[in-house]
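Inspection log for the structure reproduced underneath, given as structure tokens.
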Amino acid sequence: MYENSDYHYIEPYVELTTGVGVVHSVKFEPMDSIHNNANEEPLEKGKKRRRNEENWKKNVTKKARLEGLPYHSHVAKKVTEMGGRVLKPPCKCRAKCYDRLTEASRQQIFDDFWKKCNNWEQRRQFVANRVTKELKVRTKVNSSWQEDRRKFNYRYSLEVKDREINVCKVMFLNTLSIGEKYVKISVEKKTDSGITEGDRRGRHQPANKIPESTIQSIKEHVTAHPIYKSNVTKKSRQPGTDLNKSLMYSQYKESMIQQGKTEKDYAKEWLYRAVLNKMYKSSLGNKKSLTKHSENDEVY
């Protein structure tokens with residue numbers, strides 16, 4: 001190797017002999033390439049993984065079903081692969097609805113129903129406006145002792161170029177690719193003012209939902225410790241000194257027991273860690289121990 005400090009010579013390959021007698025050839029890069037790599041921007045420090053709810057299986061399934069696309073059902077026991085919504089064949093009734101409604105018009109109605117309606121409420125409102133529930137006028141039962149259980153009739157219609165066209169039930173259901181039960185529910189939810197009620201599924205509070213009081217008790221316990229901000233790393237913020245998550249949870253659990261709380265009233269350790277990581281995610285990350293503060297750290 002040359003003694004000149006401006007230039008260093010390094011053998012490109014060096015043989016290293018291990019303890020078991022195996023020889024390995026290791027290649028060293030020139031100093032110029034090392035200096036060039038040193039000037040490159042350092043890689044960003046990894047962050048704690050964040051959840052992406054759009055990629056969850058249940059949300060992907062829900063979105064595909066809403067848009068009328070094929071989806072994988074997690075509820076059905078036998079058939080799990082569900083096909084998408086497609087325009088079904090027209091009717092063959094005696095009223096000849098297929099002569100009054102062309103295939104191009106049916107396709108346009110189908111596309112508007114499944115692509116322009118963004119939610120189920122809009123589709124239910126569309127069906128309720130196109131279907132009229134009327135009292136039954138006549139019956140075909142001749143015997144006096146028999147009574148027809150059906151008391152109402154449904155009149156179906158579709159609109160094409162600002163013109164209302166009366167169609168039969170088969171033509172209406174096949175054009176929109178929906179079932180008879182969906183029509184019945186949409187009509188029943190229609191109020192006197194002509195507006196359908198919103199979907200009330202999922203409006204109740206889940207039985208396994210974590211109470212807000214439990215989350216608040218964790219936050220109060222964490223904020224009770226002094227919070228330090230380091231002068232070296234401005235983004236570093238952590239509570240307490242010489243503490244880790246396990247010790248902090250032990251203190252939290254002991255304080256809850258002293259207040260007369262039972263095991264159902266205070267949080268589990270996994271929940272305490274989750275809230276703590278969320279409050280101080282910039283400094284804690286996946287580390288178990290909290291960083292010990294120095295004398296130059298600022299106390300809040």
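Nothing in this text is a laboratory measurement; each read-out follows from the coordinates by a stated rule. Note that this is a predicted model, so its numbers are computed, not measured. No Cβ is skipped: glycine too gets one built from the backbone with ideal geometry, and neighbour counts run over all protein chains shown.
Give, in nm to one decimal, the length gained when the segment between Ala95 and Glu254 is fully stretched (0.36 nm per residue of separation minus the Cα-Cα distance).
Going from the current span to full extension adds 49.4 nm.
Hey, quick one: spin label on Lys88, modelled 7 Å out along Cα-Cβ, who in the range 162-187 has an amide N within reach, i.e. under 16 Å?
Counting backbone N atoms under 16 Å from the label point, the list is 167-185.
Placing +1 on the Cβ of each Lys and Arg and -1 on the Cβ of each Asp and Glu in the range 54-137, which of Trp120, Thr132, His72 has its Cα farthest towards the positive end of the resulting dipole?
My answer, from the dipole projection, is Thr132.
Where a ≥ b ≥ c are the square roots of the eigenvalues of the C-alpha gyration tensor, would you call the range 69-142 rounded, which needs a/c under 1.5, or, failing that, prolate if a/b is larger than b/c, or oblate?
It is prolate, given that a/c is not under 1.5 and a/b is the larger ratio.
What is the packing order of peptides 104-112, 205-213, taking the mean over residues of other C-beta atoms within 10 Å and listing the highest first?
Ranking, from highest mean packing down: 104-112, 205-213.
If I model a spin label at Lys133 and Asn153 as a point 7 Å from the Cα along the Cα→Cβ vector, what separation in nanometres do I get?
1.7 nm
Can you give the FRET efficiency to the nearest 0.05 for His72 and Gln216, using r as the Cβ-Cβ distance and R₀ = 41 Å?
0.55
Hey, could you grab the Kirkwood Rh for the range 70-229? Inverse mean 1/r over distinct alpha carbon pairs, Å, one decimal. Display every interim value, and only then the final one.
Working: mean 1/r = 0.0497 Å⁻¹.
Evaluated over the range 70-229, this radius sits at 20.1 Å.
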